[in-house]
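**Q** Below you will find the structure I want to go over with you.
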Amino acid sequence: MERGGTSKYYSSFDCNTFCWGSNKYIRFFCLGFSDDNMVNEVANYGMDNFIDFKRLIIDIVTILFATGVSFTLLDLVRNSHYKIDPLSDALRIFKQGQIVSVIAIHIISGFFIILWSFLFIVPGIIAALAYSQAYYIYKDSEATGENLSALDCISRSKELMDGNKGKLFVLELSFIGWHFIGGLTFGLGYLFITPYIQTAKAVFYNDLLDETQDF
């Protein structure tokens, strides 16, 4: 496998293969769940000006569906013939009973990132990069029957990212122009940008696993 630069994350993957299917899935995700009417009743039930239940529920739902997106794209990276089913894939975290674990990873990693950020912004960024692969690791642990806990997934991510945080940071910087385009289009561009970014991150993770197996 080629290791010569940022483009290496696409060296073994035909991006044209995933383009139609993943964009179809992302459009379903973004448009199908953008209406927050489903949480209005719960939000109104919350204590006014104390806990924003509406925002909290939207965040949780977004995390669950976004994680489902990343899992689906990782499957697509590993198998270009993977057949995307927008509805089924969007609900995969719910259907596979992974809600608690995904939320736990988010809360625990977020807590650690906040603690590191108290020292300075740079330690917070480093922590975010170190914990970035925890969701993928959880997915693979479930598939292999290892069934790692949320904390174990975060610890495994730290080990996997040891010496690789700079690579991910450079990859993230390469997306700045795409985020700029997304902003110029008032977010509509993300219907096409999101699959590209998430697929790049999935391939990055896959390449990390290949590198660790080479040693």
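The values are calculated or read from the model by the stated rules, or taken from the named source; none is laboratory data. Just so it is clear, the model here is predicted, and its values are computed rather than measured. Please note: Cβ atoms are built from the backbone with ideal geometry, for glycine as well, and neighbour counts cover all protein chains shown.
This table checks each residue for (1) more than 21 Å from Ala66 (Cβ to Cβ); (2) modelled with pLDDT under 95.
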{"position": "Gln133", "(1), (2)": "no, no"}
{"position": "Tyr136", "(1), (2)": "no, no"}
{"position": "Asp140", "(1), (2)": "no, no"}
{"position": "Leu148", "(1), (2)": "no, no"}
{"position": "Glu159", "(1), (2)": "yes, no"}
{"position": "Asp162", "(1), (2)": "yes, no"}
{"position": "Gly166", "(1), (2)": "yes, no"}
{"position": "Phe169", "(1), (2)": "no, no"}
{"position": "Gly183", "(1), (2)": "no, yes"}
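**Q** When you scan region 106-119, do you find a residue that is within 17 Å of Lys167 (Cβ to Cβ), of a type in the set (Gly, Ala, Ser) and out of contact with any Leu (no Cβ under 9 Å at 6 or more places or on another chain), even just one?
**A** No, because not a single residue in region 106-119 is within 17 Å of Lys167 (Cβ to Cβ), of a type in the set (Gly, Ala, Ser) and out of contact with any Leu (no Cβ under 9 Å at 6 or more places or on another chain).
**Q** Something else now. Under 8 Å by Cβ, and 6 or more places apart or on different chains, what pairs join a residue from region 125-150 that is over 17 Å from Gly110 (Cα atoms) with one that is surrounded by fewer than 17 Cβ atoms within 10 Å (Cβ to Cβ) and of a type outside the set (D, E, K, R)?
**A** Note: pairs meeting the criteria are Ser141/Asn147; Glu142/Gln96.
**Q** Among (1) surrounded by fewer than 19 Cβ atoms within 10 Å (Cβ to Cβ); (2) modelled with pLDDT of 95 or more, where does Gly189 come up short?
**A** Among (1) surrounded by fewer than 19 Cβ atoms within 10 Å (Cβ to Cβ); (2) modelled with pLDDT of 95 or more, the lone unmet condition for Gly189 is (2).
**Q** Which residue is modelled with the lowest pLDDT, if the candidates are limited to region 53-75 and must be over 14 Å from Ile103 (Cβ atoms) and more than 14 Å from the chain's Cα centre (by Cα)?
**A** Phe53
**Q** A further question on this structure: Restricting attention to helices (runs of 4 or more DSSP H) lying wholly within region 80-122, give those where 3 or more residues are at pLDDT 95 or above, within 19 Å of the chain's Cα centre (by Cα) and small (Gly, Ala, Ser).
**A** 99-119
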